[in-house]
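The values are calculated or read from the model by the stated rules, or taken from the named source; none is laboratory data. Quick caveat, the model's predicted, so the values are computed rather than measured. Note: ideal-geometry Cβ built from the backbone for every residue, glycine included; neighbour counts use all protein chains shown.
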Amino acid sequence: MTTTAMNEIGFYTLAGAPKSPRDLIEEVETAEALGLGACFISERFNIKEIAALSGAVGAVSNRIGIATAATNQNTRHPIVTAAFASTMHFLTGGRFSLGLGRGIEPVFKAFGLPSITTAAMEDFAGLMRKLHHGQTVIGHDGAAGSWPALRLDPNFSEHIPLTLTAFGPNSLALGGRAFDAVVLHTFFTDETTKRAVATVKQAAVDAGRDPASVRVWSCLATIGDHLPRALQLKKRVGRMATYLQAYGDLMVSTNRWDPAVLEAFRSHELVRNFQGALDQTGTTEELEIVEGLIPEHWLAPAAYGTPDDCVSAINHQFDLGADGVILHGASPLELEPIVEAYAKQRDASRFAHLPANPALAPGLN
């Protein structure tokens, strides 16, 4: 255990398909004891409603940074989202970042929700900035929607950092010009990660911002060989297969992979007839079949092996230009030997400028 907060590394609470949201209590306590600097929270429409989870993380933590990564702006009225963010901001003493994402289009269509465009996310970010600085917005009519009046508290003058989970070049550029941090996707190749970081930083420069003020988080699947084989298979193959089920075309185009492989994956009888997400309900036997459908180099951009092997993979993300690394897909308890190995070789001076809030500009607290 360490008493030093390592603000350059983080984790996702309730990774995968948890049995109970109460699991986050032990996870956050363990994460703080290990020195993990940031807790990211994802949202699923079951037992992972993100405002409730955020409040719980804020209540049981003392120093860890917190970011939603991500929620979608089309599921709540903007005043509700803005009030959620300001409540978390004051609850945590400034450790919270509101993180937004584009979401999954087929899900929105099924639920009767409007699509989220790049322009809508930029418009929405502007609204959040105005509301958190105490402004009253009258007659807004923009890409995010139309509202007669919007206001939180005219006495507010708060900088609540905004995080964007980004995939394609348009979203990455948006993150650079209008957000405070960007979270990349899992299983990005080295070339894709370097290209994504460069896109974010250049967009910041083009917008007249200091590129160092926009923190880019690599999302690195971290699956140590101390975990049981079946669990490794679920976190490695099952997770990639679920991404390919949900938005495989985007994964393939972003990483410049062969689309014919994706088509073969989709057309396989098991995948074609599978109900639900493979990482949630796929059996070990089914995932072993799926493993044969996914090329090894698609699964390679991750941290595997011994704790020292995983530490090398983490450090490599910094070499690629990332400002922070999310150890994705594992609980703090599962990450413990890796985090302890990382702490032993960490150059504390290299990251001393990073605040706890995962989207706050370096040097600010």
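Tell me, please, whether a residue that is polar (S, T, N, Q) and without any contact (Cβ under 8 Å) to a residue 40 or more places away in the chain can be found in segment 65-76. Scanning segment 65-76, I find at least one residue that is polar (S, T, N, Q) and without any contact (Cβ under 8 Å) to a residue 40 or more places away in the chain, so the answer is yes. For the criterion of being buried (at least 24 other Cβ atoms within 10 Å of the Cβ) and of a type in the set (D, E, K, R), ARG229 fails. Which residues, counting only those in segment 104-119, are over 19 Å from the mean Cα position of the chain (by Cα), part of a loop (DSSP other than H, G, I, E, B) and hydrophobic (A, V, I, L, M, F, W, C)? Residue satisfying the conditions is LEU113 alone. Residues that are of a type in the set (Phe, Trp, Tyr) and not assigned by TED's automatic domain parsing to the domain that holds GLY324 were ranked within segment 197-250; the one that is modelled with the lowest pLDDT is TYR247. Listed by first and then second residue, the pairs linking a residue in segment 91-106 that is in the same structural domain as HIS77 (by TED's automatic domain parsing) to a residue that is among the charged types (D, E, K, R) and in a loop (DSSP other than H, G, I, E, B), with Cβ atoms under 8 Å apart and 6 or more places separating them unless they lie on different chains, are ARG95/ARG63; SER97/ASP180. Is it the case that PHE40 is among the aromatic types (Phe, Trp, Tyr), touching a residue at least 24 places away in the same chain (Cβ under 8 Å) and farther than 30 Å from TRP147 by Cα? The answer is yes for PHE40.
GLY139 fulfils the conditions (1) surrounded by fewer than 20 Cβ atoms within 10 Å (Cβ to Cβ); (2) part of a helix (DSSP H, G or I); (3) at pLDDT 95 or above; (4) of a type outside the set (Ser, Thr, Tyr) except for a single criterion, (2). For segment 252-262, check the following and say yes or no: at least one residue is over 30 Å from ARG22 (Cβ atoms), touching a Leu at 6+ places or on another chain (Cβ under 6 Å) and at pLDDT 95 or above. Checked segment 252-262: at least one residue is over 30 Å from ARG22 (Cβ atoms), touching a Leu at 6+ places or on another chain (Cβ under 6 Å) and at pLDDT 95 or above.
Per-residue answers, yes or no, for (1) over 15 Å from the mean Cα position of the chain (by Cα); (2) outside the structural domain of GLN345 (by TED's automatic domain parsing); (3) closer than 30 Å to VAL137 by Cβ:
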{"position": "GLY10", "(1), (2), (3)": "no, no, no"}
{"position": "ILE25", "(1), (2), (3)": "yes, no, no"}
{"position": "GLU43", "(1), (2), (3)": "no, no, yes"}
{"position": "VAL57", "(1), (2), (3)": "yes, no, yes"}
{"position": "VAL60", "(1), (2), (3)": "yes, no, no"}
{"position": "ILE66", "(1), (2), (3)": "no, no, yes"}
{"position": "GLN73", "(1), (2), (3)": "yes, no, yes"}
{"position": "ALA82", "(1), (2), (3)": "yes, no, yes"}
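Every residue in segment 159-187 that is crowded, with 24+ Cβ neighbours inside 10 Å, of a type in the set (Val, Ile, Thr) and in contact (Cβ under 8 Å) with a residue 40 or more places away in the chain, please. The answer is ILE160, THR163, THR165, VAL183.
Name the helices (runs of 4 or more DSSP H) wholly inside segment 276-365 in which the number of residues that are at pLDDT 95 or above and surrounded by 15 or more Cβ atoms within 10 Å (Cβ to Cβ) is 2 or more.
284-291, 296-299, 307-319, 332-345
Quick check: anything in segment 21-34 surrounded by 22 or more Cβ atoms within 10 Å (Cβ to Cβ) and either among the acidic types (Asp, Glu) or within 25 Å of LEU150 (Cβ to Cβ) (or both)? Among the residues of segment 21-34, at least one is surrounded by 22 or more Cβ atoms within 10 Å (Cβ to Cβ) and either among the acidic types (Asp, Glu) or within 25 Å of LEU150 (Cβ to Cβ) (or both), which makes the answer yes.
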